[in-house]
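The values are calculated or read from the model by the stated rules, or taken from the named source; none is laboratory data. This structure is a prediction, so every number in the text was calculated from the model and none was measured. Don't worry about glycine lacking a Cβ; one is built from the backbone with ideal geometry, like all the others, and counts go over all protein chains shown.
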Amino acid sequence: MISHHLLTLLVFLPSLGALLILAVRKSDALARLVALGFAVAELVLSGYFFTLDTVHTLYPAPAGFFQYENVHWIDFFGIRYTLGMDGISLLMVALTAFITVIGVGVSWQGIKERVPLHFALLLLMESGILGVFLALDLFLFYLFWEVMLIPMFFLIGIWGHGRRIYSAVKFFLYTFLGSLLMLVAIITIFLMHGAQSGTYSFALVDLIGTKVPYDVGLWLFAAFLLAFAIKFPLFPLHTWLPDAHTDAPTAGSVILASLLLKTGAYGLVRFGYPLFPDAARAFTPLIYAAAVFGISYGAWIAFAQKDMKRLVAYSSVSHMGFVALGIAAWSPIALSGAILQMVNHGVTTGALFALVGMLDERTHSREIDTYGGVWGKVPALSFFFLLFCMASAGLPGLNNFVGEFLVLIGTFKVAPLPAGFAFLGMVLTLVYTVRLVQEILFGKERKPLVMHDLSLREGGILAVLAVGAVYLGVSPSPLLELVKGPVALLVGVK
Amino acid sequence: METIAIPAINLAPIMPEIILSCIAMLLLLVNVFVPSESKGYLGVLSLVGLVATAASVVSGWGQPVAAFGGAVQLDNFAVFFKLIFICSAALAILISDKYVVREEINHGELYPLILFATVGMMLMACGMDLMVIFLGLEVLSISLYVLAGFNRGSLKSNEAGLKYFLLGAFSTGFLLYGMALTYGATGSTKIGNIAGFVATNPQVATNSLFVVGMLLIAVGFSFKTAAAPFHMWTPDVYEGAPTPITAFMSAGPKAAAFAAFIRVMIVAFPTLKHDWTDLLWILAVLTMTVGNIIALSQDNIKRMLAYSSIAHAGYALVGFTACNPEGVAGILFYMLSYTFMNIGAFAVIVLIGKKGEANGNVQDFAGLGQKRPLLAAILCVFLFSLAGIPPTAGFVGKFYLFSAAIKSGYIWLAIIGVLNSAASVYYYLRVMVYMYFKPSEEDFDWVGMTPAIAVCLLLCVATTLVLGVVPGTVLELAQKAVQF
Amino acid sequence: MLALNNYLILSAILFSIGTIGVLVRRNAIVIFMCIELMLNAVNLTLISFSHYLGSIDGQVFVFFIMTVAAAEAAVGLALMIAFYKNRESIDVEDVNMLKL
């Protein structure tokens, strides 16, 4: 029985953990252990899916999905509880589980007050994000999409720093507003489908074939695009990101950058493009422009930042521009590259935020001015810092290079001009990365700093991330194989 | 001796009202003999009475029964609304015990008044004659005037009562004049007959008497549902009235006004839909927007919830504008879920408040998240539901209403509705910001939980979450209720 | 008997006088008297319609309205007395503690 409902278990296991933590909230240490236990269990469970080679479902699954659950829920509206996993979602799920473990590890020492609540919120976030990646019913997707915001709001507001209240509220309102317009679009296409076919349903597979008049389709796709573009973030809807990232606690930043941003991209790939292929084609030039501009703009502004975290935040804007570029190109290579880049960015930026957090814990400062000559003091930490900065810059052999390379090749075939501009953006990436490395790791120390090198826990986290980065950079083919089928199905839709 | 032939009167449709009135009158009697420490038992008695009434109401589901020559009709629509009223009265009584003890109000008469108000509401829901609706409305309103001014020692309460009375009586005048003109134009006060007249004589829509009458009725009901621009009384009255009464006022009477409004507009004037849906469109947009915008700047939490209730009336008006079965069923579902989430929020406010209605500002909630996490979490559920964030009943309600609007073709109305929802999130989040993000030395030791409030909170949270996750059954009930 | 229009115009005038009175006057008791005037204007309308249409519904309605108006008067005056006890004034300008 359980084996047919593995997806539900996957989505709700972390919530169970969160409830457990809240129930035993007297002891901080216990809370941490329970959180770690559930996060690792989730990771193992998601790893299990990699080993499946046949379709395991009780319910007839749509093409490409090898895990599928479909149960009646709110029949009144035609809403069904539908979860499905294909190659793309599996990658995202694995990334989520992995980053949550990292998130738990990173905040092990750093969070001193209201510890159980913090870890419970991390696990709740995981549930929400997994729900987003697995939902195949538009209503259920929207539900998880909104639910995701709640734990992050509390994470930023309670344990953040700087203007945390402002950033938390801004984050929530900005994203909420975007998704509300998506809700109107969802309802509209639901009603259209119902009027055309007689059956009212929110299931993605049912709604895909709906004939939408061209101009209405443009508006509907625009509403979807707005919601996803805010999450990406695509220029110019990125203004919530620097504040939210900078003022969030370390685990919050890691999850925000590595996972939340990917939900926007995933949504566009899974829902936006398949539902409105014609409108998507019409919007492609706009997305190209926003993506390319975002790549360069993000890099440009990152270069001028004095706060380490803000710099990495703007670098996220820049990197996600590549993902957007690959999606907009909508060719098999470009799309595979974009999806791979989603995973890569998750690993790299997660690691960078973790590193910044570690430096912050030691010196209580995120200003670049404070640092200098760190290499001599903490060689291990500096090694990882250099590694991940190089990964972020797109050094061949490390993960980001593969993703960006695929995206550029794929895009160049269909749209050489944006690809060309994006390539220039890569140069700018190098500029701020080198600046960051140079000012923090090398050079003279500006203030006398006392730092201890990596602890076992920190070293473990960074080592695991590094292994991931190198593996993804050297041997990405298994992952590419995994997404090949779904990508072909998606692109064939266009 | 000649026996007088008494015409057969079918009392079954108004049995709930009869039961409740008798119990209320009994309570008035008992109140005289009960010493003031045991007045709490009156609350228990009134709850028992409400349960008995609910049982009698539920028995009317399924087959419509009319009485008094068609002046009263107990159909599914009436049953659904009556249950909402009974719930709001019961919840208000549950949270009033702690409040009246704290404010030292002699509350023996509070419970009968709430019950009488409920009788008035129930009459409004099942009335099929303008006279009966007027009667129900007046019984409700007069009880509410007294209830609003119940705390005689408090200046704010006096002022709330007086303001409500003057403005309420003023609007009743308009409503009555509208009813009189409609009667003159169509020849009858029975809603069924009016509908028949309008159907057979469509040119009545150009009769100025009729149009003015319809407009005045709309104005009168807009006042009662606190739709802009007739909402000015709501914040002052809600802020000044005792908190449990505010909770009651925000839920039950609003629903009752909608029930009567729906009956009159949709049953009596269905063929003139295209005439007044434009008017309703403007009303809905104004109400939502005014409510949300002014709520953004409020510090006093009761005032903030008052403006939010104006905004929620606006969302319900969106369903009204849609004027299709989904829209009306959406209003029913929304009123039900709104009752529970709003009274739940007020229950928490009663707990946090101090004597003399002190401690009523948003800032006074600072630190609640740490010191009383369960209470703060419960309030969060209600606030998320009011804001329309899944997976709560508020979200499903808004979803249903906006779907109905889009189905009727009012896309822009739905868009304005969701934009307003987004704006409203700001002031609901503000409370959460204070609860969780702001530090405070307050340790909230005066916040004592009573069994009554615990039951109320439990019921409200359970309903809000259950209706958010599995609303199917209630949605079907609402749909069945509008098939008249 | 006069034509229906005359009665209607008279009641409309009475209703307007009542409305203006409510909006303009400052003494709460006078405001309430104006509200009573409005209700009586409605009564007049109903009776004249009832006579013109030959239906008794209007007159029945008037009975209900008169009863309700009496109850309202009792309650309203009691509220005014309660207010007066605390504020020593019935002037609605003094009803100002609750601000927008």
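Just a few scattered comments:
- Residue count, region A:157-177 (criterion: assigned to a helix (DSSP H, G or I) and more than 9 Å from chain B (Cβ to nearest Cβ)): 7
- B:E138 being within 14 Å of another protein chain (Cβ to nearest Cβ), buried (at least 24 other Cβ atoms within 10 Å of the Cβ) and assigned to a helix (DSSP H, G or I): yes
- Residue within region B:294-317 that is at positive phi and either part of a loop (DSSP other than H, G, I, E, B) or surrounded by 24 or more Cβ atoms within 10 Å (Cβ to Cβ) (or both) present: no
- Checked against the criterion of being free of Cβ contacts under 8 Å to residues at least 60 places away in the same chain and not polar (S, T, N, Q), the candidates B:P451, B:P471 yield just one match: B:P451.
- Meets criteria (touching a Leu at 6+ places or on another chain (Cβ under 8 Å) and acidic (D, E)) for A:E458: yes
- Residue pairs whose Cβ atoms lie under 7 Å apart, separated by 6 or more positions or on different chains, with the first residue in region A:6-28 and in contact (Cβ under 8 Å) with a residue 24 or more places away in the chain and the second surrounded by fewer than 19 Cβ atoms within 10 Å (Cβ to Cβ) and β-branched (V, I, T), are A:L9/A:I2.
- Matching option when the condition is of a type in the set (A, V, I, L, M, F, W, C), within 24 Å of B:E357 (Cα to Cα) and more than 24 Å from the chain's Cα centre (by Cα), among B:V34, B:V101, B:V30: B:V101
- Selection of region A:339-361 for residues being under 16 Å from A:H452 (Cβ atoms) and crowded, with 17+ Cβ neighbours inside 10 Å yields A:L355, A:G357, A:M358, A:L359, A:D360.
- Consider region B:64-122 and keep the residues that are more than 23 Å from B:T225 (Cα to Cα) and of a type in the set (F, W, Y). The one that is modelled with the lowest pLDDT is B:F68.
- When restricted to residues that are facing another protein chain (nearest Cβ under 9 Å) and either in contact with a Lys or Arg (Cβ under 9 Å, 6 or more places away or on another chain) or more than 19 Å from B:V290 (Cβ to Cβ) (or both), region B:406-443 contains 12.
To keep it simple, each residue is scored yes or no on (1) more than 18 Å from B:A311 (Cβ to Cβ); (2) away from chain A (no Cβ under 13 Å).
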| position | (1), (2) |
| --- | --- |
| B:S337 | no, yes |
| B:F346 | no, yes |
| B:G369 | yes, no |
| B:L379 | yes, yes |
| B:F384 | no, no |
| B:T392 | no, no |
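- Residue in region A:67-78 that is in contact (Cβ under 8 Å) with a residue 60 or more places away in the chain, acidic (D, E), out of contact with any Leu (no Cβ under 7 Å at 6 or more places or on another chain) and part of a loop (DSSP other than H, G, I, E, B) present: no
- Residues of region B:146-162 classified as part of a helix (DSSP H, G or I) and buried (at least 24 other Cβ atoms within 10 Å of the Cβ), total: 8
- Pick from region A:362-396, criterion charged (D, E, K, R) and not in a helix (DSSP H, G or I), ranking: surrounded by the fewest Cβ atoms within 10 Å (Cβ to Cβ): A:E367
- Residue pairs whose Cβ atoms lie under 9 Å apart, separated by 6 or more positions or on different chains, with the first residue in region A:422-437 and of a type outside the set (A, V, I, L, M) and the second surrounded by fewer than 20 Cβ atoms within 10 Å (Cβ to Cβ) and not in a helix (DSSP H, G or I), are A:Y432/A:A304.
Conditions (1) more than 17 Å from the chain's Cα centre (by Cα); (2) within 23 Å of A:V93 (Cα to Cα); (3) outside any loop (DSSP other than H, G, I, E, B), marked per residue:
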position: A:K112; (1), (2), (3): yes, no, no
position: A:L140; (1), (2), (3): yes, yes, yes
position: A:L143; (1), (2), (3): yes, yes, yes
position: A:G194; (1), (2), (3): yes, no, yes
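- For region B:56-64, the count of residues that are surrounded by fewer than 19 Cβ atoms within 10 Å (Cβ to Cβ) and closer than 18 Å to B:D129 by Cβ is at least one.
- Enumerated helices (runs of 4 or more DSSP H) restricted to region B:364-459, each holding at least 2 residues that are within 21 Å of the chain's Cα centre (by Cα) and surrounded by 19 or more Cβ atoms within 10 Å (Cβ to Cβ): B:373-387, B:393-407, B:411-432
Yes or no, residue by residue, for (1) in contact with a helix residue (DSSP H, G or I) (Cβ under 7 Å, 6 or more places away or on another chain); (2) more than 22 Å from A:A415 (Cα to Cα); (3) of a type in the set (A, V, I, L, M):
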| site | (1), (2), (3) |
| --- | --- |
| A:G272 | yes, no, no |
| A:L275 | yes, yes, yes |
| A:F283 | yes, no, no |
| A:A291 | yes, no, yes |
| A:I295 | yes, no, yes |
| A:Y314 | yes, yes, no |
| A:V317 | yes, no, yes |
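- Taking region C:45-64 as the range and being within 9 Å of chain B (Cβ to nearest Cβ), closer than 14 Å to B:L181 by Cα and of a type in the set (A, V, I, L, M) as the test, the residues that pass are C:L46, C:L53.
- The listed residues are B:A54, B:A5, and the only one of them that is more than 30 Å from B:I105 (Cα to Cα) and not β-branched (V, I, T) turns out to be B:A5.
- Region C:65-100, subset within 30 Å of C:N6 (Cβ to Cβ) and surrounded by 17 or more Cβ atoms within 10 Å (Cβ to Cβ), residue farthest from the other protein chains (Cβ to nearest Cβ): C:A69
- Of the residues making up region A:200-253, those that are among the polar types (S, T, N, Q) and not in a helix (DSSP H, G or I) number 3.
- Elements of the type helices (runs of 4 or more DSSP H) sitting completely within chain C and holding at least 3 residues that are among the hydroxyl-bearing types (S, T, Y) and free of Cβ contacts under 8 Å to residues at least 40 places away in the same chain: these cover C:4-24.
- Residues satisfying the stated conditions in region A:134-156, i.e. more than 10 Å from chain B (Cβ to nearest Cβ) and of a type in the set (A, V, I, L, M, F, W, C): A:L134, A:A135, A:L136, A:L138, A:F141, A:M148, A:M152, A:L155
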